[in-house]
Amino acid sequence: MELRVLKYFLTIAEEENITRAAKLLHITQPTLSRQIQQLEDELGVTLFQRGSHRISLTEDGLLLKHRAQEIIDLTEKTFSDFSTAENNLAGKITVGCAETYNMKTLAELMAKFRAKFPLVTFQIVSGTADLVTERIEAGLVDVGLLMEPVDVARYDVLRMPLKERWGAMFKAESPLAQKNFICPRDLLEVPLILPERPLVQSALKKWLGNKKFYVAATYTLLLNAVFMVEKDLGAALCYDFSRFFPSLKFVPLCEMPDSGAVLVWKKQKVFSKAARKFIELCQTEMLAGYQPKLI
C-alpha cells in the first residue's frame with residue numbers, strides 16, 4: 001500500500017467522482033481507476049459504490065478513509081519533525097487544546113517560543129480531553145492541554161495556573177438568570193445541555209444528586225451549546241465564558257468544585273527537536289511560577 005495511492009483514494013472520496021479526481025491529480029482516468037482497483041484487490045474489499053453520476057464510500061471505504069487520513073497526517077508530521085532550514089530550529093509542533101482560559105497562558109508561551117525560533121509553526125487541534133489523548137496516543141499530537149478530570153497516568157504533567165468555574169448558562173431574561181447561585185433543585189424542571197465527556201457528565205450528575213433530570217442535548221464545543229441556549233433548547237452546564245456571549249447569563253453552581261487544567265505529553269516519547277525545546281520552555285516557565293497576563 002503506497003502513500004501515493006492512499007492520496008488518490010482520499011481525493012476520489014472527497015470529489016465523489018473519478019473524472020474530477022483524475023483532473024485534480026493530473027493523471028488519466030483509466031490510470032486512476034486501475035490504481036484504485038489494485039488497492040481494492042490488495043485489501044480484499046470493495047471501497048466504492050459506483051453510481052451513474054457519483055460514487056460513494058462503502059463501509060470498508062469509510063474505515064479506510066479514516067485510517068488513510070491518519071497515515072497521511074502522521075507521515076506529514078514526521079517529515080515536519082525532521083525539517084531544518086539553514087541550521088536553525090524549524091518544524092511543526094502539534095498542540096491539542098480544550099476550551100479553557102488556560103489557552104491564553106499557552107498562547108503566550110507559544111509566542112515567546114516563536115520569538116526565539118521563528119521558523120517553527122504551531123498546529124492547534126481543538127477538542128475534548130478524550131479526543132486530544134486519542135491523538136496523542138496515535139502520535140498525531142505532541143502536547144495536550146486537557147481539562148480535568150482526566151487520566152494522566154501515561155503522561156508527564158504540568159499543572160496550569162487557572163481554574164475554570166462551573167455554572168449554568170441561561171438566556172438573560174430567564175428567571176434563573178437573576179439568581180446568585182444555582183443549586184440542583186433549581187434545575188429539576190429545566191432541560192439541561194451537558195458536556196459530552198463521560199467523566200465530566202459523571203461529576204455533574206453527582207452534583208445533581210444522581211436524580212432524574214431532563215437532558216435535552218449534549219455538546220463538545222461550547223459555541224454549539226450557546227446556540228442551543230439561545231434557541232431555548234435548555235440551560236447549558238459549562239465553564240464561565242459569558243464575557244463572549246452578552247445575550248446570555250452565567251450563574252455559578254453552588255458547591256461545585258472548580259476544574260483545573262494540565263499540560264501533558266507522552267512519557268518516554270522521542271520528540272522532534274522543536275517539540276522537545278517547547279516542552280523544556282513550558283517546564284522552565286511554569287515551574288518558575290509563570291502567571292498569564294489577564295485582562
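The values are calculated or read from the model by the stated rules, or taken from the named source; none is laboratory data. Small disclaimer: the values here were computed from a predicted structure and weren't measured. Ideal geometry is used to build each Cβ from the backbone, glycine not excepted, and the neighbour counts take in all protein chains shown. These accessible areas exclude ligands, DNA and RNA; they are computed on the full protein's heavy atoms, side chains included. Shrake-Rupley method; radii C 1.70, N 1.55, O 1.52, S 1.80 Å.
Here are some notes:
- Top of Lys231, Lys92, Lys277 by mean-square fluctuation, Gaussian network on the chain, Cα under 10 Å: Lys231
- At the residue level, Lys7 shows approximately 100 square angstrom of accessible surface with a 1.4 angstrom probe and all protein chains present.
- Structural descriptor for the chain: relative contact order 20 percent, calculated from alpha carbon pairs under 8 angstrom and at least 6 residues apart.
- Among 34-44, 162-172, sorting by the average number of other beta carbon atoms lying within 10 angstrom of each residue, highest first, gives 162-172, 34-44.
- Those aspartates and glutamates that a straight Cα-Cα span of less than 16 Å connects to Lys112, excepting residues fewer than 8 apart in one chain: Glu280, Glu285
- Cross-link pairs beyond the 26 Å C-alpha cut-off, checked among Lys104/Lys249; Lys7/Lys273; Lys23/Lys65; Lys104/Lys212; Lys163/Lys266: Lys7/Lys273; Lys104/Lys212
- Computed over the alpha-carbon pairs of segment 103-184, the distance histogram in 10 Å steps reads 13, 33, 28, 18, 8, 0 percent, short to long.
- Estimated FRET transfer efficiency (Gln178, Ser202; beta-carbon r; R0 25 Å; 0.05): 0.25
- For a straight C-alpha distance cut-off of 14 angstrom, the aspartates and glutamates reachable from Lys92 (same-chain residues fewer than eight places away being disregarded) are Asp73, Glu76, Asp81, Asp142.
- Within the same chain, lysines fewer than 8 places from Lys267 are excluded, and of the rest, those with a Cα less than 16 Å from its Cα are Lys277.
- Full-extension gain in nm, Leu221 to Ile124, via 0.36 nm per residue minus C-alpha separation: 33.4 nm
- For segment 54-137, dividing the convex hull volume of the Cα atoms by the residue count gives 139 Å³ per residue.
- Seen from a random direction on average, the alpha-carbon convex hull of the chain projects onto 20.6 square nanometres.
- Overall form of segment 43-184: oblate. Here a/c, set by the Cα gyration tensor axes a ≥ b ≥ c, is 1.5 or more, and a/b is not larger than b/c.
- Stokes-Einstein D in µm²/s, Kirkwood radius over Cα pairs - segment 140-295 at 25 °C with 0.890 mPa s viscosity: 141 µm²/s
- Percent of C-alpha pairs per 5 Å bin, segment 200-284, short to long: 2, 10, 17, 17, 13, 9, 10, 10, 8, 3, 0
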